[in-house]
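The block underneath contains the structure these notes are about, expressed in structure tokens.
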Amino acid sequence: MRVPFVDLKAQYHAIQPAIDAAIASVIKDTAFIKGKYVKAFEQAFAEAYGVAHCLGVGNGTDAIYIALKALGIGAGDEVITVANSWISTSETITQAGATPVFVDIDPDTYTIDAGQITAKISPRTKAVIPVHLYGQPAEIDQIAAICRAQGLHLIEDCAQAHFVTYGGRRVGTFGDIATFSFYPGKNLGAYGDAGAIITQNEELAARMRMFANHGALKKHQHQIEGINSRLDGLQAAILSAKLPHIHDWNRQRYEHARRYNQLLAGVEGVEIPVIRREHEHIFHLYVIRSGRREALRAFLAEQGIETAVHYPTALPLLPAYHYLGVSRDDIPVAAAYQDQILSLPMFPELSREQQDYVVEKIRSFMGAS
Ligand SMILES: Cc1ncc(COP(=O)(O)O)c(C=O)c1O
């Protein structure tokens, strides 16, 4: 048996008529840039999220950069973020001219350790960017309270967390701005690069729309210099066709994760992810830990099972950040986990047979019966 890490074809086949029709109508209307399909998706996403403004942009990385620029963050500023994430979260801080300040992860949720944020705040700190990693909300209540008390901006990186709730409230609605990626493998994925930004703040929304469109809200009226970061019509139409399915897909991922947890519970040498009772988890990724990660990964590959590592090097330990002088001792949890974490196949269409096969192979590798 072969078990892919994700199976985008299975999802396409399940909704093929709607996707094909969406693509055909954009082409028929030649509405490739801006236009009604982008507008319709922005409205639908804002409505589904229950927020006032949504802006479609080129990708989830641009979304963070645009948010930072709109908040006026730049040279001399510091922005606090998490040691384990995709590099977009921190490279955009540098692109804006500011310096990333990394905080270790919580050993249970693998998201930013909220209890360590305050100690990292300096007179130069302007914002905090937590990441709702793997589809698991960070302790966003506590983080929002710190930001309020200290007068810091809060940008939520929701690239892996579309529509997940924390204490019954959607992540992405706690901060000033939330950013999304619709990279194809995300819980809500486009058929190419795409991203979005949401906010309740009208002024920020206008500033971001302007910056993302060459500094102009009206053609040729450039108030500032900006960038070109647009959601294109084809991606918008595809996303609109997929949006009604997101809750089902999130639920299916959660059910798969619960089943993985049940089947892997008690297997010696495997740490399963924590599912908190009071908060949702939508399992963009299902991540276990093993002290024999590399050998396990190689064994699973031999058995036809694709896995991945998110991420093999904690951000501050990457060569790109050596200049910051962060050592493993400064981020002990992220440093230890980077050698243990392993993402197992996870996608809504994962079959019971595929899942049983993955579990059986892990159990046999670990010597469990
Ligand atoms: C946590 C996180 N932030 C930001 C991004 C950037 O998104 P994109 O790839 O759409 O630029 C991603 C996804 O790649 C991500 O996982």
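The values are calculated or read from the model by the stated rules, or taken from the named source; none is laboratory data. All of these numbers come straight from a predicted model, not from anything done at the bench. No Cβ is skipped: glycine too gets one built from the backbone with ideal geometry, and neighbour counts run over all protein chains shown. Note: areas computed on protein heavy atoms with side chains; ligands, DNA, RNA excluded. Shrake-Rupley method; radii C 1.70, N 1.55, O 1.52, S 1.80 Å.
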Between A21 and Q262, the two model label points (7 Å from Cα along the beta-carbon direction) sit apart by a distance in nm of 3.6
So which residue, out of T30, T199, T109, gets the largest mean-square fluctuation from a GNM of the chain using Cα contacts under 10 Å as springs? T30
Evaluate the distance, in nm, between pseudo-label points positioned 7 Å from the Cα of A52 and of E349 along their respective Cα→Cβ axes. 4.1
Taking protein heavy atoms only, a 1.4 Å probe, and rounding to whole percent, the accessible area of segment 246-366 owed to carbon and sulfur comes out at 48
Excluding residues fewer than 8 places away in the same chain, name every one of the aspartates and glutamates whose C-alpha is closer than 16 Å to that of K361. E268, E271, E294, E302, E306, E353
Counting Lys and Arg as +1 and Asp and Glu as -1, each charge on the Cβ, what is the dipole of the chain about the Cα centre in debye, to the nearest 20? 700
FRET efficiency, 1/(1 + (r/R0)^6) with R0 22 Å, evaluated for T165 and E202 via beta carbons: 0.35
For the pair V309 and A44, the simple spin-label estimate (label points 7 Å beyond Cα toward Cβ) gives in nm 3.9
Could you go through segment 346-361 in sequence order and give the Karplus-derived ³J(HN,Hα) for each residue, using 6.51 cos²θ - 1.76 cosθ + 1.60 with θ = phi - 60°, rounded to whole Hz, and x for Gly and Pro? 8, 6, x, 8, 3, 8, 4, 5, 4, 5, 4, 5, 4, 5, 4, 5
For segment 136-204, what is the charge dipole size about the Cα centre, in debye to the nearest 20, if Lys and Arg each add +1 at the Cβ and Asp and Glu each add -1 at the Cβ? 220
Along the charge dipole of the chain, Cβ charges K/R +1 and D/E -1, which of A44, F5, Y166 sits furthest on the positive end? A44
Name the most mobile residue of S25, S181, S90, meaning the one with the largest mean-square fluctuation, in a Gaussian network model of the chain with Cα contacts below 10 Å. S25
With the other protein chains left in place, how much accessible area per residue, in square angstrom, belongs to the chain at a 1.4 angstrom probe? 42
On a straight-distance basis, which aspartates and glutamates could pair with K36 in a cross-link, Cα separation under 18 angstrom, same-chain partners fewer than 8 positions away excluded? D20, E47, D232
Which of the three applies to the chain, rounded, prolate or oblate, going by the alpha-carbon gyration tensor with a ≥ b ≥ c and a/c under 1.5 meaning rounded? oblate
Carbon + sulfur, % of accessible area of segment 73-120 - ligands and nucleic acids excluded, 1.4 Å: 51
Among the listed pairs K120/K218; K69/K120; K69/K242, those beyond 32 Å (Cα-Cα): K120/K218
Taking the Cα centre of segment 246-366 as origin, work out the dipole magnitude from +1 charges on Lys and Arg Cβ and -1 charges on Asp and Glu Cβ, in debye rounded to 20. 160
Okay, helix-only estimate at 222 nm for the chain: each DSSP H run of n ≥ 4 adds -39500 (n - 2.57), divide by all residues, round to 500 deg cm²/dmol; what do you get? -11500 deg cm²/dmol
